[in-house]
1. Over all directions, the average projected area of the alpha-carbon convex hull for the chain comes to how many nm²?
2. Please list, ordered by chain and number, the residues whose modelled amide H lies under 5 Å from the amide H of VAL98; skip anything fewer than 5 residues away on the same chain.
3. What are the ³J(HN,Hα) values, in whole Hz, obtained from phi via the Karplus relation 6.51 cos²θ - 1.76 cosθ + 1.60 with θ = phi - 60°, for each residue of the stretch 167-176 in sequence order, with x given for Gly and Pro?
4. How do TRP41, TRP119 rank when sorted from fewest to most other Cβ atoms within 10 Å of their own Cβ?
5. Against the longest principal axis of the chain, how steep is helix 205-218, in degrees 0 to 90 to the nearest 10, with axes from Cα atoms?
6. Evaluate the charge dipole of the chain about its Cα centre and quote only its size in Debye, nearest 20, assuming +1 on the Cβ of each Lys and Arg and -1 on the Cβ of each Asp and Glu.
7. Show the residues, 5+ positions off or on another chain, whose built amide H is closer than 5 Å to the amide H of GLN45.
8. Past 23 Å, Cα to Cα, is the threshold; run LYS122/LYS165; LYS122/LYS185; LYS80/LYS131 against it and keep the listed order.
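What follows draws every value from the coordinates through simple rules; no lab data is involved. What you are looking at is a predicted structure, and each value in this text was computed from that prediction instead of being measured. Cβ placement follows ideal geometry from the backbone for every residue including glycine, while neighbour counts extend to all protein chains displayed.
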Amino acid sequence: MVGRKFIVGESTLTMRILTVLNSDYGSRHLANILQYAPNDWIIHQWRAPVFFPLVIDYPEDFLPKELPEADLILSFAEHKSVAELIPDIAKMTGAKAVIAAIDNENSLPRGLARQLRGWLEKMDVACATPKPLCSLTETDYWITRRQRIEYHSPLIAEFASYFGKPEFFIQVDPLRRTIISVEVKRDAVCGCARYVSQKLIGISIDEAEYQAGMIHHHFPCLASMGIDIDYNDTLLHISGNIMKDNVAEQLKPYMPVQYLTPGFRSEE
């Protein structure tokens, strides 16, 4: 178990965070958070088991004897059984909020995610299960293409102000129509937005949206490449579209407005 304090910037809310992970997927998320989190966040990690029985009768058999106190739990584990441990982890740590990432339906199926939110609600613990993880904002998150869930937790909102749905501030040379600077206002948890921002410098604004999607894939995004039933698409593709949409929104003032001229019926 590792704890670390940071020297990056000041947040509006001091937080103690416990990150739960058991694979490279979670490790990359944690590495980005460690590098860019505010200096007054204190972050610990616990590596959950990789293998579980089909039924967990005694959760304590899979938990350490003690865990550090925490305000927010970040679950990046790639095994659905870890979700069954989260209520006990919340009890052990005293946490009042949980973010359980869904970048792969196999890691946290929709039914179990719904159960987890219910279990934690009974404990007066806020829970967000963003699908994909980079749909998280300070007020809500996606679970399907047409469904967003609002939440009311200052702890989750504070985390989401730094990490979640990518948001850029792009400056353009209007004469050359190229991107001259990109500020990352909110990074993806995995660091993809920061990576994309560096690669967009010098690119024509006419190509930027497409290139943002390609760079996102080359990062590479770790969201699932299998078709997700809630989106009828891959979560990797959904994640890429989230990135592209923000780039397109930033560049909208620089794009020419196209007008359609009504046609005329031909004389026969």
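1. About 18.6 nm², averaged over all directions.
2. Excluding prolines and chain starts, which carry no amide H, the hits are ILE73, ALA126, CYS127, ALA128.
3. 9, 10, 10, 10, 10, 10, 7, x, 7, 7
4. Listing TRP41, TRP119 from fewest to most nearby Cβ atoms yields TRP119, TRP41.
5. 30 degrees
6. The calculation lands at about 240 debye.
7. Those qualifying (amide H under 5 Å, at least 5 residues apart or on another chain) are VAL2, THR19.
8. LYS122/LYS165; LYS122/LYS185
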